[in-house]
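Data block below; observations after.
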Amino acid sequence: MTQVQQLANLAASYISGGKNTGRAFDSCFEWHGADAVAIALYRRAEKRPETKLAQNLFKYLCRESVTEAAIKYSEWEDLEALADHILEQQQKSHEAKQAMEESQ
């Protein structure tokens, strides 16, 4: 099981159960693959709208942010690869910013 799947499962257990959140839940969304986790939850909810996950999802996550990420990355089937892609993009952006600062 991939990291995205593990964290999506953990987050889903909180959301489906209507549980109070804490550090474990927050950690699902405090890394470069946060959008991939949110998309995994969104896709599960779309496939099974009768579930508690679907009913509770936007009580826990921002509808606008999740929907935006789902649309932006709709072509990505492999969410673990998406998480890696996002990390690469963040690294490139950071390196470009550093290079700009050093040239000034």
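From the backbone phi of the stretch 54-66, what are the Karplus-calculated ³J(HN,Hα) couplings (6.51 cos²θ - 1.76 cosθ + 1.60, θ = phi - 60°) in whole Hz, Gly and Pro given as x?
Working through the residues one at a time gives 5, 5, 9, 3, 8, 7, 10, 10, 6, 3, 4, 5, 5 Hz.
Note the full-extension length gain between residue 74 and residue 32 as 0.36 nm times their separation in residues minus their Cα-Cα distance, in nm to one decimal.
So the extension gain works out to 13.4 nm.
What percent do you get for the relative contact order of the chain when only Cα pairs under 8 Å and 6+ apart count?
So the answer I get is 31 percent.
Among 40, 11, 71, pick out the residue whose Cα is farthest towards the positive end of the charge dipole of the stretch 3-103, where Lys and Arg carry +1 and Asp and Glu carry -1 on C-beta, about the Cα centre.
Farthest towards the positive pole: 11.
Stretch residue 55-residue 102 to full length: gain in nm at 0.36 nm per residue minus the Cα-Cα span?
That pair, residue 55 and residue 102, stretches by 12.0 nm at full extension.
With a cut-off of at most 13 other beta carbons within 10 Å, and DSSP calling the residue loop, which GluC sites (Glu not before Pro) in the stretch 25-57 qualify? Please list them. Provide the component values of the computation, followed by the final result.
On the way: sites: 30, 46, 50; in loops: 30, 50.
Loop-located and lightly packed - 30, 50.
About the Cα centre, and with charges only on the beta carbon of Lys, Arg (+1) and Asp, Glu (-1), how big is the dipole of the stretch 3-103? Nearest 20 debye, please.
Dipole about the Cα centre, nearest 20: 740 debye.
Please enumerate, by chain and number, the lysines with C-alpha under 21 Å from the C-alpha of residue 92, excluding those fewer than 8 residues away in the same chain.
Cα-Cα hits under 21 Å: 72.
GNM, the chain, Cα, under 10 Å: largest mean-square fluctuation among 69, 83, 12?
69
In nm, what is the difference between 0.36 nm times the number of residues separating residue 3 and residue 94 and their Cα-Cα distance? All intermediate terms of the calculation are to be shown ahead of the outcome.
Details: separation 91, 0.36 × 91 = 32.76 nm, distance 2.35 nm.
Taking residue 3 through residue 94 to full extension adds about 30.4 nm, to one decimal.
So which GluC sites (Glu not before Pro) in the stretch 61-104 end up in coil per DSSP with only 12 or fewer other C-beta atoms within 10 Å?
Of the GluC sites (Glu not before Pro), the ones in loops of the stretch 61-104 whose Cβ has at most 12 other Cβ atoms within 10 Å are 75, 77.
Values in this text are rule-based calculations from the coordinates and carry no lab data. Just so it is clear, the structure is predicted and the values come from calculations on it, not from any experiment. Heads up, the Cβs are rebuilt from the backbone with ideal geometry, glycines too, and the neighbour counts pull from every protein chain shown.
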